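The structure under discussion appears below in the form of structure tokens.
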Amino acid sequence: MTYRPSDDRYSNMIYRRCGRSGLKLPVVSLGLWHNFGGDTPHDLKRAMCQRAFDLGITHFDLANNYGPPAGSAEEAFGQILATDFQGYRDELIISSKAGYDMWPGPYGEWGSRKYLIASCDASLKRMGLDYVDIFYSHRFDPETPLEETMGALDQIVRSGRALYVGISSYNTERTRQAVAILNDLGTPCVIHQPSYNMLNRWVERDGLKDTLAELGVGSIAFTPLAQGILTKKYLNGVPADSRASQGKSLSQSMLTEKALASVKALHEIAERRGQTLAQMALAWVLRDGGITTALIGASKVSQIEDCAGVIDNMEFTADELALIDQYATEEDINLWARSSEEV
Ligand SMILES: NC(=O)c1ccc[n+]([C@@H]2O[C@H](COP(=O)([O-])OP(=O)(O)OC[C@H]3O[C@@H](n4cnc5c(N)ncnc54)[C@H](OP(=O)(O)O)[C@@H]3O)[C@@H](O)[C@H]2O)c1
């Protein structure tokens, strides 16, 4: 069936400026890490992208390795761009990344110029695009000089493959270095993509959140729902259709009694605020404007609708924040800690 985007797609979303750049992003962005590979029906992927766009979600986040198999999420999104989203390229912000294991041999991962440029070209081909809006270094490479990795990002922009560049899971110290190198090259770092949610607060501890504000770099928080833990779905066991039942990135060992007790308390606070826990978790990440956009994932259209509803209540009282702080305590769920901590 031919898709026609909703005429009022821009009337119910909030857009925030990404750092000191000219780019504005919706406060909710959609990531295609899970549920966009060969294991998900194409019609469901289409339905999720269509509904997101109808709700004003203009930003779709990909990476070379999203699938399974790696690359298939970009291929699927490329098909959607060629069909449903045909004619709407100028209304979309599409990002991709390279850094993790993509192909065999010494040039298939990390941060060399050789890998980043080849991977960017492969991503563009899979999506049928001339350029992506944002291209990221997906993780810091402890062995490649940062000048080389940032130089490759600069080359990617200068050659027309991307409009903006970003970095993901770099800690504060490396972020400062990367931002300085990119500034010198004349290709500013527009965005940082760290993990951040009520049960994983490393960006506060590490000082990254404040540093990004100081440097004028925007931010997109990934796993704002802690892969689904910050919803009510695990309060009465593990549903068969949930991520924790799939044996992928969300291990059931992360659903500890302590974590679930916090989730239950947070759920009750959200109910008192008249919103779902997912909505409160997103509003919390977005509080005080320190984070530009919350990067969600979804397995159902209804989840995207629920998350987009965050805009109805994004304010917190000081009492609410203090109460949330009692339960928003660190759990051992940050799968990306090594990337930001590795020396
Ligand atoms: N830069 C990096 O290294 C990196 C790493 C990881 C992710 N990311 C990016 O961040 C994106 C989001 O990651 P994520 O999928 O882990 O984020 P998330 O939003 O924390 O978790 C998404 C999961 O939460 C559940 N969910 C979402 N909305 C819900 C709602 N309203 N009610 C109930 N459950 C809901 C769904 O779980 P079920 O599947 O159980 O239904 C969904 O798959 C990725 O797609 C990717 O673009 C980047």
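Just a few scattered comments:
- Unsatisfied cross-links (Cα-Cα over 25 Å) in the set Lys264/Lys300; Lys233/Lys258; Lys233/Lys300; Lys97/Lys264; Lys209/Lys233: Lys97/Lys264; Lys209/Lys233
- Each Lys and Arg Cβ is given +1 and each Asp and Glu Cβ -1; about its Cα centre, region 196-251 then shows a dipole of about 300 debye.
- Filtered trypsin sites (Lys or Arg not before Pro), region 193-279: DSSP coil and at most 13 other beta carbons within 10 Å: Lys248
- For region 114-154, a crude dipole built from +1 on the beta carbon of Lys and Arg and -1 on the beta carbon of Asp and Glu, taken about the Cα centre, is about 260 debye to the nearest 20.
- Burial ordering of Asp90, Asp61, Asp39, fewest other beta-carbon atoms within 10 Å first: Asp90, Asp39, Asp61
- Relative contact order [Cα under 8 Å, 6+ residues apart], the chain, whole percent: 18
- What the Cβ-Cβ distance of Asp319 and Met1 gives, at R0 = 45 Å and to the nearest 0.05, is a FRET efficiency of 0.40.
- Residue order for Ile117, Ile167, fewest other beta carbons within 10 angstrom first, comes to Ile117, Ile167.
- Calculated SAXS-style log₁₀ I(q)/I(0) at q = 0.14 Å⁻¹ - the chain, Debye, Cα scatterers: -1.16
- Charge dipole magnitude, Cβ of K and R +1, D and E -1 - region 15-341, Cα centre, debye nearest 20: 320
- Computed packing ranks the peptides 141-148, 174-181 as 174-181, 141-148, most packed first, by mean other Cβ atoms within 10 Å.
- Farthest positive-ward along the chain dipole, Cα basis, beta-carbon charges - from Ala308, Cys49, Tyr234: Cys49
- Computed FRET value (nearest 0.05) for Lys24 with Trp103, which takes r as the C-beta separation and R₀ as 30 Å: 0.30
Any read-out appearing in this document is the output of simple, stated calculations on the displayed coordinates, not a laboratory observation. Predicted model, so just to flag it, every value in this text is computed and none were measured. Ideal geometry is used to build each Cβ from the backbone, glycine not excepted, and the neighbour counts take in all protein chains shown.
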